[in-house]
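All remarks here apply to the structure that follows.
What follows draws every value from the coordinates through simple rules; no lab data is involved. If you're wondering where the values come from, they're calculated on a predicted model, not measured in any experiment. Cβ: placed from backbone, ideal geometry, glycine included. Neighbour counts: every protein chain shown.
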Amino acid sequence: MRQRIAATLGIAAVLVSTAARADCTDDAMIVFDGSGSMAEMGFNQIDEPRIFEARRAMRTVMPQVEQFRRIGLIVYGPGGAGGVGECSGIELRFGPRTGAAEAVIAAVENLQPEGRTALTEAVALAAKTLGSPEKPGTVVLVTDGKETCGGQTCALAAQLSGTALTVHVIGFKVRGEHFGWETEGDTDYLNSVSVAQCLAIQTGGEYVGTETVDELIAAMNRTLGCNLLF
């Protein structure tokens, strides 16, 4: 009896392992926030622009995770700055490919943040690129939190719910609307959650709030790499 139980547990462990590895090998799209707020610093208790830290994180993460799956990249913000075009800067840099680390790192290194935050439309483009709703896939959204182009983020989340697409949202140094000097930015200002959290909730993904480079690296490893290894 004990041998039979042990064998059953062993099979279950293999099945869990196989499922976890299958999840981490689906094609993935990184949706990266390149809007003007990624260059902010100073008043919002950020010592250096978010983009500087994001670049360092990408240099560490991408060589680790490219071995597990094909990865593509969408950037939103740049190219849409100025007047009515501020929300038009959504660019599909490339679809899922093997060995994507070098291309992703180069794109983020050369990125000059500008424009507004059309994160909803960018995620919708990522879903379409991955073949949703017919095909499985993973979207990893890296954002500083806000949708500033009128996109209905949670309406999109409802549309994606029940499909084979999983959206993970990494909030990087998300800040609230109002900074209070008397409280040194405490309470909701530093503890804000991205409006995109509903995308993760509705699709079975993970929302991770991050403040440091190490936290951003860990979150990207966990969502883009294999959970068994990170």
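Ellipsoid semi-axes for the stretch 34-169, based on the Cα gyration tensor and the rule √(5λ), read 23, 20, 13 Å when sorted largest first.
Excluding Lys135 itself, what net charge comes from residues whose Cβ is under 13 Å from its Cβ, given Lys and Arg +1 and Asp and Glu -1? Computed value for this residue: -1. By its C-alpha gyration tensor, with a ≥ b ≥ c as the square roots of the eigenvalues, how is the stretch 133-177 shaped: rounded for a/c under 1.5, else prolate for a/b larger than b/c, else oblate? Oblate, because a/c is 1.5 or more while a/b does not exceed b/c.
With one equal scatterer per alpha carbon and no solvent term, the Debye-computed log10 I(q)/I(0) for the stretch 83-157 at 0.15, 0.22, 0.27 1/Å reads -0.60, -1.21, -1.44. Cα centroid separation, the stretch 196-224 to the stretch 144-168: 14 Å.
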